[in-house]
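Since the structure comes first, as structure tokens, the remarks are kept for the end.
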Amino acid sequence: MLPLPEHSLRRRLNAEIHSRPPVAIPGPEWISYLAVTHTGGSAADERTHLAQLCSTLGTEVCPLVDGDHWVLDAGGICGLRLKWERHTEFSGYTFFRRRVAGDGPDTTALVAFPVDWVKGIPGEVIAASHIELCAAAQNPPEEVLDGIARSGEAMVATRVAEGAAWVVSDFELHDGFSRFTVIDEHLRHRQAGRTVQRLLEIETYCMMALLAFPVAKETSRFLGQCEKDLSGLMDAMSVADTPEDERTLLARLTRLAAEVEQSVTRTAYRFGAAAAYYRLVRQRVEDLREQRLAGFPPIREFMERRLAPAMSTCQSIAARQADLSTRIARKSALLRTRVDIELERQNQELLAQMNRRARLQLRLQETVEGLSVVAITYYGSQLVQYLAKGAQKAALPALSPEIAAAVSIPLIAAAVALGIRRMRKVLAAEENAAH
């Protein structure tokens, strides 16, 4: 027992290292393989379908391994076995059938399984292969290669596993399946399983990587039109002389940027997945440990000649798309700066006009203040005159109302003027304190 607490993910991560081991192949065997995308089918649908196979064959339902790996051993004379693996974008079904006396050259492992069940597998086929694993004593590799050389067929032939086996294929589709012949010279059981698994993975990952190629061609046409539009916008930018023209150009450039970013979002996953699948193809080819045969291209050369150009095209289109997005962003920033500068100039003009109006209002206000002093003095002197008239009749008959009003006029005017001046100073001090 461990002396310390165990991390909750330790055993799961350790199991991931050992997950999906190759199936040991003890002798000559027929192998068929189907890789189906997850279009229209879920993991639950696939598991239900696998349970139906167990029911049809009368075997027990084998438990799933981590939910995405399953092996069925139906036994029998032919030793039927099925390996199911679920990946991110596809699921792989590998069918095994032992070679028995009387098998012809067109025998496959797939025909030994229920036809209706095979037709009901959820998804769409992206890769399909038949592999014939035979012993070198039964099918001498030299005779096979001599027959290919005499026929003039374009075939890939190579020695793998450091000379322990021979692999022959044309990578063409025959009735929907690619075909491989693996001639076992001295493969061990697990080594044979690894060799077969690598060949199937090369075929599958190659097709999954090539899914990005049509996307790249379509994106290339789209980018060509976008680059043409961008060039036209740059020409229009050089001759734009009014703010309205620049705002119109900025709107068109923003719309173009949105279209390019939408394309980036739509294709980023596919291009990234293609690069990852291509790395897996190259790794699996490296794991085969090939030895070149005179007069025949090995699998590595075939993949470098056929797959590498397509992957280079995808990488180029992805880089071109990213570069176009960067250029549009740079041009948008430049045009937005021009528009901002023009707006700032207009704002400055507007502020200058507001300052002129404020000064005009100030002069008008000062004029009104002068008139206000006169008006207040006038009404104040009238009040003094009314008071003098009342005082004359009541107690001071010698007091002249007119003289009292005349004497009060300069006093009232001075008081009003001083009061307005003081009030203006107080308001100015409060405004300065606020700023």
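The values are calculated or read from the model by the stated rules, or taken from the named source; none is laboratory data. Everything numeric in this text was worked out from a predicted model, so none of it was measured. Neighbour counts run over all protein chains shown; Cβ positions are idealised from the backbone, glycine included.
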*asked:* If I filter the stretch 309-331 down to residues being of a type in the set (A, V, I, L, M, F, W, C) and either surrounded by 15 or more Cβ atoms within 10 Å (Cβ to Cβ) or more than 19 Å from the chain's Cα centre (by Cα) (or both), which single residue comes out as nearest to Arg255 (Cα to Cα)?
replied: Ile328
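Let's see how each residue does on (1) farther than 30 Å from Leu256 by Cα; (2) in the same structural domain as Ser231 (by TED's automatic domain parsing); (3) in a helix (DSSP H, G or I); (4) charged (D, E, K, R):
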residue	(1), (2), (3), (4)
Asp340	no, yes, yes, yes
Glu344	no, yes, yes, yes
Asn355	yes, no, yes, no
Leu418	yes, no, yes, no
Arg421	yes, no, yes, yes
*Please work out if Ile412 is assigned to a helix (DSSP H, G or I), within 30 Å of Arg252 (Cβ to Cβ) and without any contact (Cβ under 8 Å) to a residue 40 or more places away in the chain.*
no
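Among the residues of the stretch 106-138, which ones are assigned to a loop (DSSP other than H, G, I, E, B), touching a residue at least 24 places away in the same chain (Cβ under 8 Å) and of a type outside the set (Val, Ile, Thr)?
Ala109, Phe113, Pro114, Gly120, Pro122, Gly123, Ala136, Gln138
Results for (1) buried (at least 16 other Cβ atoms within 10 Å of the Cβ); (2) under 34 Å from the mean Cα position of the chain (by Cα); (3) more than 27 Å from Val182 (Cβ to Cβ), shown as yes or no for each residue.
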site: Ser8; (1), (2), (3): no, yes, yes
site: Pro22; (1), (2), (3): yes, yes, no
site: Thr59; (1), (2), (3): no, no, yes
site: Gly76; (1), (2), (3): no, no, no
site: Trp84; (1), (2), (3): yes, yes, no
site: Gly92; (1), (2), (3): yes, yes, no
site: Thr108; (1), (2), (3): yes, no, no
site: Pro114; (1), (2), (3): no, no, no
site: Val118; (1), (2), (3): no, no, no
*Members of the stretch 29-44 found to be in a helix (DSSP H, G or I) and closer than 12 Å to Ser91 by Cα, listed by number*: Ala43
*In the stretch 289-297, is there at least one residue being in a helix (DSSP H, G or I) and either surrounded by fewer than 17 Cβ atoms within 10 Å (Cβ to Cβ) or assigned by TED's automatic domain parsing to the domain that holds Pro141 (or both)?*
no
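For (1) at pLDDT 95 or above; (2) closer than 30 Å to Leu343 by Cβ, each residue gets a yes or a no:
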position: Glu244; (1), (2): no, yes
position: Arg247; (1), (2): no, yes
position: Val281; (1), (2): yes, no
position: Val285; (1), (2): yes, no
position: Leu293; (1), (2): no, no
position: Ser312; (1), (2): yes, no
_Within the stretch 17-28, does at least one residue satisfy the condition of being closer than 21 Å to Ser129 by Cβ, among the charged types (D, E, K, R) and in a strand (DSSP E or B)?_
no
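Per-residue answers, yes or no, for (1) under 60 Å from the mean Cα position of the chain (by Cα); (2) surrounded by fewer than 13 Cβ atoms within 10 Å (Cβ to Cβ); (3) among the aliphatic types (A, V, I, L, M); (4) modelled with pLDDT of 75 or more:
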{"position": "Glu366", "(1), (2), (3), (4)": "no, yes, no, no"}
{"position": "Thr377", "(1), (2), (3), (4)": "no, no, no, yes"}
{"position": "Lys389", "(1), (2), (3), (4)": "no, no, no, yes"}
{"position": "Leu396", "(1), (2), (3), (4)": "no, yes, yes, no"}
{"position": "Ser400", "(1), (2), (3), (4)": "no, no, no, yes"}
{"position": "Ala405", "(1), (2), (3), (4)": "no, no, yes, yes"}
{"position": "Ile412", "(1), (2), (3), (4)": "no, no, yes, yes"}
{"position": "Ile420", "(1), (2), (3), (4)": "no, no, yes, yes"}
